[in-house]
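Enquirer: This structure is in C-alpha cells; I'll ask about it shortly.
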Amino acid sequence: MALSHRLEIRQGQGLVITPQLQQAIKLLQLSNIELDAFVEAELERNPLLQRDEGEHEPAGEVEAVRDASLTHVDAVADTTAGREMDTPHEDVSPGERATGDGAEAGAEHAGGQIDWSRAGGGGSFESDDGYERALTDVPTLAAHLRAQLVQAALSPARNAVAEILIDAVDEGGYLRLDVIELAERLGCPLEMVEETLAILQGFEPVGVFARDVRECLALQLKDQNRYDPAMAAMLDNLELLAKRDMAALRRLCGVDDEDLREMVAEIRALNPRPGAAYHSEPAETLVPDVMVREGLGGMWHVELNTDTLPRVLVDQRYHARVAKGARTDQEKTFVSDCMATANWLVKSLDQRAKTILKVSSEIVRQQDGFLAYGVEHLRPLNLKTVADAIGMHESTVSRVTSNKYIATPRGVFELKFFFTSAIQSSEGGEAHSAASVRHKIKGLVDAEKTEADVHSDDAIVEILKAAGVDIARRTVAKYREAMRIPSSVERRRQMKEAV
C-alpha cells in the first residue's frame, strides 16, 4: 500500500471551553468567602472595576406555593457606572447595564450531607453583632496559660521551659512533647523540666498539660481530693470501663457495686478535653447564602442574602477617558482587555446569583414538607430531578449546591443536605428519604425506657415495614452505627447498670 500526502477538509461540531467560560464555571462553586476574595483580587487588578458601596433593595424574592411553580427575579444590584475612580465628580452620568448568559458544563457529581450538629435554630435573620463578637472573641488556650505563667513568677530558666511546654499543648489541652527529649535539647536536668511541668499542671483548666487521658482524669480527681487507690486502679483499666466490664473492674478496684457506680459517675463527670473550651483560632460565623421564611397562606419566601453578594460596577466614564488617551497598540489592547474582563465579571456575578436563587427555590419547592413538618417529611431528591425541573445541567446544580448554605426556620443547612437517597415503600407508595428513616430509627431508640423496650435491629425492621418503609436489617445496622447508637445488647446492659 503506497503512502502519500494529501489535504482534506472535514466539518464537525465540538464544544470549546474558553478561559472565561472556565472561570464562570469556577465562580458557581465558590463559597461566599472565596468569591469575595476573588472579586477583591479583580478590583485590585482591573482599574475599570469599582465596588458598589450604595444601599440596595433585597436581592430578590420568590414565593413558592406548595405544588405550584416558582418564579424568580433578578438578584444582583444594578451595574450602573459610578463616579470616576481617581477624582470625585458630581456630573457622573449613569453607565450601561451589563447582561449575559450563564455558563454550564459537565462535571462529576460530588455528593455531601451536612451533619445535624451543625444545624442552627430559629428562623430569624436579624443580625446580632454582640452575639457574633461573643463567639469570635474566645481567648486562645495558649494566651490563657501564659497569663497564669506571669502570675506564677518562675525563675528565668523555668520560665523558658514553661514557654516551650505551653507551645506544645494541643487544642484539647494535652502535652504533645516528650520531656526527656526536651531536657536533652535544652541541656538542662530532667528534674527541672518535670518540676516545671508539675507547676503547669496546676493551671486552669484543671487537667491541662496531661500526656494521656489517664493523667488528665487523675489531675482532675486530685484537684477534687478524690484520687485514691481504688480510683487509680480504675484509671489503670479504662479499657474495661469502655467495655462496661463491671465485674472485672469491681474485682480490680476492690469495691462493691454501690461504690463502683459512684466511681463510674465521678469519672463520667470529668472533662477528658479540658482545653476544648478555648480555640487556637477565632471561631468563624457561618453566613448563609440563601434565606427562607414562611409567609401567609403556606407560602415560602426565598431570597438571596445580599450581605454575601459582592457588588461591582464598570466605570464607563473612566473607560472613555483612558481609551481616548491610549496611544500605542499595547495601551489600547490593555484597555480593551480590562473592559472585556470587567463586563464579563459583572455578567458572571449576575448569572451566578440568578442560578443560586433558581436552584434554591426549586429545592424549597421539593422539600416544603421538611420545612413545614420536620425531618420525617424529607423527600428523596437527586440532582437530576432539580436539573430537569429548572432546565439546567446536573453539573451546574452540583456546583451551585457546593459550599452554599440556606437559613430556614429549622436551622442552617448546606444545600446538599436536601439531596438524599431513596428507600422504597413497602406499600408501593412514595419512597422515603434516608435522612427521614434515620430519624425514625433514632426516635425508636430514644423512646426506649426499660430493658423490655429495647428494640433489636430485626424488631426495628419490622416496625419500619409496618410504617411502610421497606428496609433491610443490614441497612438498619449501618444507619445505627453511623449515628453511634450501640447495639441492642449494649443498650440493655447500659440500662441494667443505670438501675
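The values are calculated or read from the model by the stated rules, or taken from the named source; none is laboratory data. Just so it is clear, the structure is predicted and the values come from calculations on it, not from any experiment. Cβ atoms come from the backbone with ideal geometry, glycine included; neighbour counts cover every protein chain shown.
Enquirer: Test Arg491 against the stated conditions and say whether it is of a type outside the set (A, V, I, L, M), loosely packed, with under 13 Cβ neighbours inside 10 Å and either over 29 Å from the mean Cα position of the chain (by Cα) or within 19 Å of Ala435 (Cα to Cα) (or both). Step through it out loud before you land on a result.
Expert: Numbers: of a type outside the set (A, V, I, L, M): yes; loosely packed, with under 13 Cβ neighbours inside 10 Å: no; either over 29 Å from the mean Cα position of the chain (by Cα) or within 19 Å of Ala435 (Cα to Cα) (or both): yes.
No, not satisfied.
Enquirer: Just to be sure, is Gly391 at positive phi, in the same structural domain as Ala24 (by TED's automatic domain parsing) and out of contact with any Lys or Arg (no Cβ under 8 Å at 6 or more places or on another chain)? Write out each step before concluding.
Expert: Working: at positive phi: yes; in the same structural domain as Ala24 (by TED's automatic domain parsing): yes; out of contact with any Lys or Arg (no Cβ under 8 Å at 6 or more places or on another chain): yes.
Yes; evaluated as a whole, the condition is true for this residue.
Enquirer: Filter the stretch 302-334 down to the residues that are in contact (Cβ under 8 Å) with a residue 40 or more places away in the chain and over 30 Å from Ile406 (Cβ atoms), then identify the one that is surrounded by the fewest Cβ atoms within 10 Å (Cβ to Cβ).
Expert: Arg321
Enquirer: Okay, moving on. Of a type in the set (A, V, I, L, M), in contact with a Gly (Cβ under 8 Å, 6 or more places away or on another chain) and crowded, with 22+ Cβ neighbours inside 10 Å: is that true of Leu378 in this structure? Step through it out loud before you land on a result.
Expert: Working: of a type in the set (A, V, I, L, M): yes; in contact with a Gly (Cβ under 8 Å, 6 or more places away or on another chain): yes; crowded, with 22+ Cβ neighbours inside 10 Å: yes.
Here the answer is yes, as Leu378 does meet what is asked.
Enquirer: Being among the hydrophobic types (A, V, I, L, M, F, W, C), closer than 25 Å to Glu258 by Cβ and in a helix (DSSP H, G or I): is that true of Ala452 here?
Expert: Details: among the hydrophobic types (A, V, I, L, M, F, W, C): yes; closer than 25 Å to Glu258 by Cβ: yes; in a helix (DSSP H, G or I): yes.
The answer is yes for Ala452.
Enquirer: What are the residues in the stretch 17-46 that are β-branched (Val, Ile, Thr) and part of a helix (DSSP H, G or I), if any? Step through it out loud before you land on a result.
Expert: Filtering the stretch 17-46 for residues β-branched (Val, Ile, Thr) gives 17-18, 25, 33, 39.
Within the stretch 17-46, Ile25, Ile33, Val39 qualify.
Enquirer: Would you check if there is a residue in the stretch 428-451 being modelled with pLDDT of 80 or more, touching a strand residue (DSSP E or B) at 6+ places or on another chain (Cβ under 9 Å) and over 30 Å from Ile406 (Cα atoms)?
Expert: No, the conditions are met nowhere in the stretch 428-451.
Enquirer: For Ser360, state whether it is closer than 30 Å to Ala41 by Cβ, buried (at least 22 other Cβ atoms within 10 Å of the Cβ) and either among the acidic types (Asp, Glu) or touching a residue at least 24 places away in the same chain (Cβ under 8 Å) (or both). Let's see the steps before the verdict.
Expert: Numbers: closer than 30 Å to Ala41 by Cβ: yes; buried (at least 22 other Cβ atoms within 10 Å of the Cβ): yes; either among the acidic types (Asp, Glu) or touching a residue at least 24 places away in the same chain (Cβ under 8 Å) (or both): yes.
The answer is yes for Ser360.
Enquirer: Right, here's the next one. If you check every pair at least six apart or on different chains, which have Cβ atoms under 9 Å apart with a residue in the stretch 31-46 that is outside the structural domain of Ala340 (by TED's automatic domain parsing) and at pLDDT 90 or above first and a residue that is buried (at least 16 other Cβ atoms within 10 Å of the Cβ) and outside any helix (DSSP H, G or I) second?
Expert: Short answer, once both residue conditions are applied: none.
Enquirer: May I pose another question? Just to check your reading of the model, which residue among Ser348, Ser421, Ser398 is touching a Pro at 6+ places or on another chain (Cβ under 9 Å) and either under 19 Å from Val292 (Cβ atoms) or not hydrophobic (A, V, I, L, M, F, W, C) (or both)? Full working, then the answer.
Expert: Numbers: Ser348 fails: touching a Pro at 6+ places or on another chain (Cβ under 9 Å); Ser398 fails: touching a Pro at 6+ places or on another chain (Cβ under 9 Å).
Every option except Ser421 fails the conditions.
Enquirer: Under the condition of being surrounded by fewer than 16 Cβ atoms within 10 Å (Cβ to Cβ) and closer than 30 Å to Leu240 by Cα, which residue from the stretch 274-283 is modelled with the highest pLDDT?
Expert: Here is the first cut: in the stretch 274-283, the ones surrounded by fewer than 16 Cβ atoms within 10 Å (Cβ to Cβ) are 276-277, 279-283.
Filter again for closer than 30 Å to Leu240 by Cα, leaving 276-277.
On the way: Ala276: 86, Ala277: 82.
Out of the qualifying residues, it is Ala276.
Enquirer: Among the residues of the stretch 440-486, how many are more than 23 Å from Glu376 (Cα to Cα), in contact with a helix residue (DSSP H, G or I) (Cβ under 8 Å, 6 or more places away or on another chain) and either without any contact (Cβ under 8 Å) to a residue 24 or more places away in the chain or surrounded by 13 or more Cβ atoms within 10 Å (Cβ to Cβ) (or both)? Talk me through it step by step, then tell me what you get.
Expert: Going residue by residue through the stretch 440-486, those that are more than 23 Å from Glu376 (Cα to Cα) are 450-452.
With in contact with a helix residue (DSSP H, G or I) (Cβ under 8 Å, 6 or more places away or on another chain) added as a condition, the list becomes 450-451.
Those left that are additionally either without any contact (Cβ under 8 Å) to a residue 24 or more places away in the chain or surrounded by 13 or more Cβ atoms within 10 Å (Cβ to Cβ) (or both): 451.
Summing the residues that are more than 23 Å from Glu376 (Cα to Cα), in contact with a helix residue (DSSP H, G or I) (Cβ under 8 Å, 6 or more places away or on another chain) and either without any contact (Cβ under 8 Å) to a residue 24 or more places away in the chain or surrounded by 13 or more Cβ atoms within 10 Å (Cβ to Cβ) (or both) in the stretch 440-486 gives 1.
Enquirer: Which numbered condition trips up Met246, out of (1) surrounded by 17 or more Cβ atoms within 10 Å (Cβ to Cβ); (2) farther than 23 Å from Val208 by Cβ; (3) modelled with pLDDT of 90 or more?
Expert: Answer for Met246: the failing condition is (3).
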